[in-house]
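The values are calculated or read from the model by the stated rules, or taken from the named source; none is laboratory data. What you are looking at is a predicted structure, and each value in this text was computed from that prediction instead of being measured. Every residue, glycine as well, gets a Cβ built from its backbone with ideal geometry; the counts of neighbours run over all protein chains shown. Side chains are part of the model used for accessible areas, which takes the heavy atoms of the whole protein and leaves out ligands, DNA and RNA. Shrake-Rupley method; radii C 1.70, N 1.55, O 1.52, S 1.80 Å.
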Amino acid sequence: MPLATAPRLLAAIALAIALSACSARYQTPVAVGGDDDDAVCLSRGNAQGSPEYVACRKDRDVQRSAAITRADRRQRDLGEYMLNNPQRP
């Protein structure tokens, strides 16, 4: 390997490693929003500890769980489709 291509190769490898750190499987779906549940429920005028506040937090947990379940189901369905319908060149 020529001496001039070694720094480029190392830079490309370092960039690939840095970009791979940006992806994570269990991130909060965008549909739910990355907002702080406490801040959202308080901004709606619910006092912390009130029944309305507890209901707001529970609703946000249910929404987040449903969004994660949908994303997991879509991923599983895609995997099953790819296994059952292979594209052969």
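Name the pairs whose Cβ atoms lie under 8 Å apart, with the first residue in the range 8-27 and at pLDDT 75 or above, the second open to solvent by 80 Å² or more (accessible area, probe 1.4 Å), and 6 or more positions between them or separate chains?
Here the result reads L9/M1, each pair linking the range 8-27 to a residue that is open to solvent by 80 Å² or more (accessible area, probe 1.4 Å).
Test each condition in (1) touching a helix residue (DSSP H, G or I) at 6+ places or on another chain (Cβ under 7 Å); (2) not in a helix (DSSP H, G or I) for C41 and report the one that comes out false.
For C41, the exception is condition (2).
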